[in-house]
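Okay, structure first, notes after.
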Amino acid sequence: MSLWRNGDFLRLWSAQTISQLGSQITLLALPLAAIIVLDASAFQVAALGAVEWLPWLLFSLPAGAWVDRLPRREVLVVTDLGRAVALLSIPLAYALDALTLWQLYGVGFLVGVLTVFFDVAYVAYLPSLVERRQLGEANARLETTRSAAQLGGPGLAGLLVQLFSAPVAILADAVSFVLSALFLFRIRGREEVRERGAGTRLVAEVGEGIGFVLGHPYMRPSMGFVATSNFFYNVMFSIFLVYAVRSLDLDPAKIGLVFALGNIGVLAGALLATRVGALLGVGPTIVVTAFMLGWPTLLIPAAPADYAIPIFVAVLAVVGFCGVVTNVLGISLFQATTPDRLQGRAAASRRLVNLGVIPLGSLAGGGLASTIGLRETLWVGAVGATLAFLPLLFSPIRHVREVPEEEPEISLPGPVPIA
């Protein structure tokens, strides 16, 4: 059945499109609320980013096990509504002149926890809605609308912040999560019951997921690449807005424009990912785009102030294109080579490593900026990101030509014991 005739996929797609647009607003508005409204320091802004991503480090593994036990659609609906309520508290507190940095930290952490469960359930749910041969196309379409949101979201966010203030702009994200939940609630397809052995404990299930991922010939090197890349990217981008506002004197509207124009590359990557993968082969494409994700970032700290905006746009466009292509092909390959009963735990185990390093990178970026300076911290992040592709270069991924179409029958390694 064509994806255009798959009503449940279209509902998931619509929900994702709406919530992604709102999330792009918060992505810019939340740190700007700290910088402009609360006059936060570089380290405090970096710490805010760390708090938002800390739940991935703390809750990824149990989230994966619970997602494999629970109806995934219900997980998606509940977490969407929870995020809407949490975000709504920010404009409300601002209207009452009671907004504090601690509230931003609290909301960022709570939204992060709910996002962990949503994201794991979302990745695990997709193979239940489409055929495995359609995973690449489905992920590409989801990435296309996410990319479109990244294209329009920052510009809209910058404008809303400029006109109404950063806390008020976050209201749009709260509304988007409510609309997303309504679309997800209307998905009609029933999931297959995922049975687990009698008396199976949560810890044992978590260990089984870790053992599967660590023993997977594609996932293990990919996690090395993504984790390294994410760490050094967040060394850079945890303090990038502070650098843009205080060193380059860019206002919110200009910053939003930079991200909006740079995200043209993200949209192009989503539209062309499957075609590039079919032309070059899935594995070679992943390796090449992983390399191209790093070295352009060296231009960010090297950019002269007078030419910073066009250079930032060009870097973000190249990085965005390559990042989306890598993401679409990589996720499709991992979903297709994972048994359905392990989708949640496998996704959670990958995300523990891949996203759990983000708060560490953010804290490292804030600490470095406070000691060696903003521009010097950007150099550290750029050099590290440039070298991140090496685990993929020497892995069997480079030999993969296409995404498998059948669910694998894999002999799983023993579960990793967890203390």
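Name the single residue, out of those in segment 57-116 being charged (D, E, K, R) and either in contact with a Gly (Cβ under 7 Å, 6 or more places away or on another chain) or more than 28 Å from Leu363 (Cα to Cα) (or both), that is surrounded by the fewest Cβ atoms within 10 Å (Cβ to Cβ).
Step by step, filter segment 57-116, then rank; the result is Asp97.
Just one of Arg375, Arg341 is modelled with pLDDT of 90 or more, surrounded by fewer than 24 Cβ atoms within 10 Å (Cβ to Cβ), of a type in the set (D, E, K, R) and part of a helix (DSSP H, G or I); which is it?
Arg375
Taking Gly158 as the residue in question, decide whether it is over 26 Å from Arg11 (Cβ atoms) and buried (at least 22 other Cβ atoms within 10 Å of the Cβ).
Taking the combined requirement at face value, the residue satisfies it.
Quick one: would you say Ser238 is surrounded by fewer than 18 Cβ atoms within 10 Å (Cβ to Cβ), hydroxyl-bearing (Ser, Thr, Tyr) and within 28 Å of Ile36 (Cβ to Cβ)?
no
Please enumerate the residues belonging to segment 309-333 that are more than 17 Å from the chain's Cα centre (by Cα) and modelled with pLDDT under 90.
Of everything in segment 309-333, just one residue is more than 17 Å from the chain's Cα centre (by Cα) and modelled with pLDDT under 90, namely Leu333.
Please verify whether Val168 is in a helix (DSSP H, G or I), β-branched (Val, Ile, Thr), surrounded by 21 or more Cβ atoms within 10 Å (Cβ to Cβ) and at pLDDT 75 or above, treating the condition exactly as stated.
no
Regarding Ala336, is this residue at pLDDT 85 or above and under 22 Å from the mean Cα position of the chain (by Cα)?
No, not satisfied.
Hey, among the residues in segment 117-144 that are within 15 Å of the chain's Cα centre (by Cα), β-branched (Val, Ile, Thr) and under 21 Å from Leu70 (Cα atoms), which one's surrounded by the most Cβ atoms within 10 Å (Cβ to Cβ)?
Val120
Going residue by residue through segment 188-205, is there one that turns out to be in a helix (DSSP H, G or I) and at pLDDT 85 or above?
No, segment 188-205 contains no residue that is in a helix (DSSP H, G or I) and at pLDDT 85 or above.
Sort through Ala40, Ala84, Ala50, Ala34 and tell me the only one that's of a type outside the set (Lys, Arg) and outside any helix (DSSP H, G or I). Steps first, please.
Details: Ala84 fails: outside any helix (DSSP H, G or I); Ala50 fails: outside any helix (DSSP H, G or I); Ala34 fails: outside any helix (DSSP H, G or I).
After applying the criteria, what remains is Ala40.
The values are calculated or read from the model by the stated rules, or taken from the named source; none is laboratory data. These numbers were taken from a predicted model, which means no experiment stands behind them. Quick reminder, even Gly has a Cβ in these numbers, built from the backbone with ideal geometry, and neighbours come from all protein chains shown.
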